[in-house]
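Asks: Below: one structure in structure tokens.
The values are calculated or read from the model by the stated rules, or taken from the named source; none is laboratory data. The structure displayed is predicted, hence computed values, not measured ones. Cβ: placed from backbone, ideal geometry, glycine included. Neighbour counts: every protein chain shown. Quick note on the areas: whole protein, heavy atoms, side chains included, nothing else; ligands and nucleic acids left out. Shrake-Rupley method; radii C 1.70, N 1.55, O 1.52, S 1.80 Å.
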Amino acid sequence: MSSSSKFITTLKGEKSAIPPIWFMRQAGRYLPEYRSLREKAGSFLDLCYDPEMASEVTLQPVRRYDLDAAILFADILLIPDAMGQQLSFEAGEGPILDPVITAKNLDAFRARDIHDRLAPVYETVRITRAALSDDKALIGFTGAPWTVATYMLNGRSSRDPAALRGLFYEDQAFLSALIETLSEYTVEYLIRQIEAGADAVQLFDTWAGGLPWPVLDAVSVRPLQKIAAAVKRVHPEIPVILFPKGVGERAVEYAVLPECDGFGIDYAMDPAWARANLSGHTVVQGGLDPLSVITGGERMLKGAATYLKLFHDVPYVFNLGHGFSPETPPENVAALVAFIRGGNW
Ligand code: CP3
């Protein structure tokens with residue numbers, strides 16, 4: 001447990017002169033040390049299910065940049081994989097899940113013990129937590145049910161994930177059953193991560209954008225609240241961060257939830273609006289456009305300064321508005337971290 005980490009105390013409402021820093025996709029292909037380990041591992045999934053290697057990859061960016069938090073190296077699609085929907089990653093294709101989930105086969109994927117398959121992930125958490133010093137936090141995570149469902153229903157990344165909302169009208173019973181099943185697994189998975197040593201957890205709802213009322217409420221806001229509440233019934237002290245990307249002003253509906261300790265803002269959200277409308281309810285995290293870090297230089301630093309200045313008088317966690325791209329030069333990340341820590345914004 002890292003009760004002394006700045007990341008955790010910030011999520012509990014304490015502000016500091018320099019905010020804690022971590023980045024979505026801080027481990028990954030933009031780092032040469034990741035690419036070399038990934039080559040040794042063979043496939044991306046072999047890497048996710050190998051605790052020693054996954055732990056090493058988790059620690060790489062923390063070592064390189066002295067970040068305040070590590071994020072477990074895994075993937076949101078390990079849950080469907082553990083449910084028996086076979087996952088593979090084809091070069092240039094992204095994830096493939098086989099077979100696609102339908103109203104007819106859903107039952108075959110329920111009531112399975114997912115923890116056999118996921119045991120190496122818990123082991124990764126355990127050894128990573130043991131390797132981190134007390135002032136660094138370890139973040140566990142899962143995908144939110146809707147985002148994971150978009151891959152399960154389509155069998156691969158969707159061109160237009162929001163279009164899958166048609167199911168809300170066609171077969172609401174099936175959609176609800178799928179969301180409910182994923183929610184139950186998600187709660188168990190997060191609790192096991194926490195019991196293995198995760199100090200906080202984040203729920204990624206990457207494809208929440210573009211959903212109309214009342215679909216967003218049914219497939220994202222309510223399920224995330226239920227999941228967070230169920231986790232907190234068992235582990236009330238563990239902060240929960242929600243990252244529903246692309247929800248615009250509906251962010252307020254998540255931020256006001258008593259279970260929402262942190263809220264990740266995406267790069268499209270106006271940070272002044274977020275400061276005025278979200279910071280009174282929760283701790284805001286992130287926002288900086290990851291593409292600005294590909295370019296680097298003054299533009300990137302000016303962008304970062306905007307967030308740092310706007311949120312200087314409230315608890316705030318520095319992060320991006322989505323994950324790093326593989327083209328990101330690692331030295332730009334180092335310059336960004338030095339700028340934030342330098343305090344001259
Ligand atoms: O942030 C981190 O450093 C922790 C690890 C992490 C990964 N994926 C590793 C990964 C996390 C938190 C995720 C979350 C994830 N995975 C999301 C939600 C966040 C987001 O980025 O929107 C989603 C939608 C996925 C599903 C997924 N996994 C996709 C669409 C892909 C891309 C496939 C490709 O080849 O580009 C992945 C693969 C993946 N997950 C990689 C990494 C480092 C690249 C795999 C590789 O090394 O080849």
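Asks: Within region 29-63, what residues put their amide N at less than 17 Å from the label point 7 Å along the Cα-to-Cβ vector of ALA130?
Replies: 50-59
Asks: Now, a different point. Considering only ASP199, ASP75, ASP160, give the residue with the highest GNM mean-square fluctuation for the chain, with springs between Cα atoms whenever their separation is below 10 Å.
Replies: Among ASP199, ASP75, ASP160, the largest GNM mean-square fluctuation belongs to ASP160.
Asks: Quick one: net charge of PHE204's neighbours, Cβ under 14 Å, K/R +1, D/E -1?
Replies: Details: positive: ARG25, LYS245; negative: ASP75, ASP205, ASP266.
That sum, taken over residues with Cβ under 14 Å, equals -1.
Asks: Run the simple label-point estimate for LYS302 and ASP98 please: 7 Å along Cα→C-beta, distance reported in nm.
Replies: Distance between label points: 5.0 nm.
Asks: Using a simple charge model, +1 on the beta-carbon of Lys and Arg, -1 on the beta-carbon of Asp and Glu, nothing else, what dipole does the chain show about its Cα centre, in debye to the nearest 20?
Replies: Dipole about the Cα centre, nearest 20: 540 debye.
Asks: While we're looking at this one, here's another question. Can you pull the semi-axes for region 202-345, root of five times each eigenvalue of the Cα gyration tensor, sorted largest first, whole Å? Walk me through the numbers before you get to the answer.
Replies: Working: eigenvalues 153, 53, 40 Å².
Over the Cα atoms of region 202-345, the semi-axes work out to 28, 16, 14 Å.
Asks: Okay, moving on. Which whole-percent values make up P(r) of region 146-224 when all C-alpha to C-alpha distances are grouped in 10 Å steps starting at zero?
Replies: Bin by bin from 0 Å, the calculated values are 17, 50, 25, 8, 0.
Asks: So, with +1 on the Cβ of K and R and -1 on the Cβ of D and E, and no other charges, what is the size of the charge dipole of region 229-329 about its Cα centre, to the nearest 20 debye?
Replies: Computed charge dipole of region 229-329: roughly 40 debye.
Asks: Among PRO212, PRO51, PRO145, determine the one that fluctuates most according to a GNM of the chain built with springs between C-alpha atoms less than 10 Å apart.
Replies: For the chain, modelled as a Gaussian network with Cα springs under 10 Å, the answer is PRO212.
Asks: Using helices alone, what [θ] at 222 nm do you get for the chain, with -39,500 (n - 2.57) per DSSP H run of 4 or more residues, divided over all residues and rounded to the nearest 500?
Replies: Working: 15 runs with 157 residues, N = 345.
Rounded to the nearest 500, the figure is -13500 deg cm²/dmol.
Asks: Taking amide H positions as placed 1.01 Å from N in the peptide plane, with prolines and chain starts having none, which residues 5 or more places from GLY264, or on another chain, fall under 5 Å of its amide H?
Replies: Result for GLY264 returns LEU242, PHE243, GLN285.
Asks: Choose one of HIS322, VAL231, LEU45: the residue whose Cα lies farthest towards the positive end of the charge dipole of the chain (beta-carbon charges +1 Lys, Arg; -1 Asp, Glu; about the Cα centre).
Replies: Projecting each Cα onto the dipole axis, the largest value belongs to HIS322.
Asks: Follow-up. Going through the cross-link list LYS6/LYS136; LYS6/LYS226; LYS12/LYS136; LYS12/LYS302, which pairs have a Cα-Cα distance over 19 Å in this structure?
Replies: Over 19 Å Cα-Cα: LYS6/LYS226; LYS12/LYS302.
Asks: Please compute, for the alpha-carbon atoms of the chain, the extent along each of the three principal axes and give them in descending order in Å.
Replies: Computed over the Cα atoms, the extents are 59, 46, 38 Å.
Asks: Ignoring ligands, DNA and RNA, what accessible area per residue does the chain give at 1.4 Å, in Å²? Don't skip to the answer; put the middle values down first.
Replies: Details: 13830 Å² over 345 residues.
Accessible surface, normalised per residue, equals 40 Å².
Asks: Still on this structure, I have one more. What is the ratio of the Cα radius of gyration of region 204-284 to 2.2 N^0.38 Å, where N is its residue count, to two decimals?
Replies: On the way: Rg = 12.1 Å, N = 81, 2.2 N^0.38 = 11.7 Å.
Normalised Cα radius of gyration, region 204-284: 1.03.
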